[in-house]
Amino acid sequence: MQQIHDRGLIHGNISPQNLICHAQSKSIVLVDWGLFRLAQNSQNPYSAPEPFMPPEVRINLDVYALAACFYTLVTGKIPFSAVTRRQTELIPPQSRCPQISQMTQDAILRGMSLESELRPASVQSWLTLLPSPQSLQSLPPPKTIVLDPSPVQQVPQTPQLDPIPAPTLS
């Protein structure tokens, strides 16, 4: 990810559906490297609030998306979209998973900051906010996330996006 950011590019479509575990290496692999397209659906829970800003401002859109994916992994809940979060406060990760450290919670919340300038400027700098992998050994295994097809709120479908079942929002 850092290599593409160093070239001035962004993925722009990071979500749990685009993160897969490699069968042999057990590494997390980011897929869907098609042409970057701006998400037209402002209710996407993994999209930062500023996708239509100039490119130099958008470089940390992927940081927001990775932090939102980590929020989902740790809590088992899909976060509200950035647009909804302007009216509804995000439930802190420790409220849903008390085993995580304050450092982990702070990294997630900083990565998901609604204000671009408060987010780390790169994935590499965001990763330094997280505790070492060894300290994560005491966490429970990742939660299975079941997407509930009955929406909590109505989200209008846009013709540019493939329809997906609406998740249960937290």
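General remarks:
- The stretch 111-146: number of residues that are under 23 Å from S81 (Cβ atoms), at pLDDT below 70 and surrounded by fewer than 12 Cβ atoms within 10 Å (Cβ to Cβ): 3
- Count of the stretch 69-104 residues, restricted to those that are open to solvent by 60 Å² or more (accessible area, probe 1.4 Å), part of a loop (DSSP other than H, G, I, E, B) and polar (S, T, N, Q), is 2.
- Given (1) in contact with a strand residue (DSSP E or B) (Cβ under 6 Å, 6 or more places away or on another chain); (2) open to solvent by less than 10 Å² (accessible area, probe 1.4 Å), index of the condition D62 fails: (1)
The values are calculated or read from the model by the stated rules, or taken from the named source; none is laboratory data. On a predicted model such as this, the values are computed, not experimentally measured, just so you know. Positions of Cβ are backbone-derived with ideal geometry, glycine not excepted, and every protein chain shown enters the neighbour counts. The area values use the complete protein model at the heavy-atom level, side chains included, leaving out ligands, DNA and RNA. Shrake-Rupley method; radii C 1.70, N 1.55, O 1.52, S 1.80 Å.
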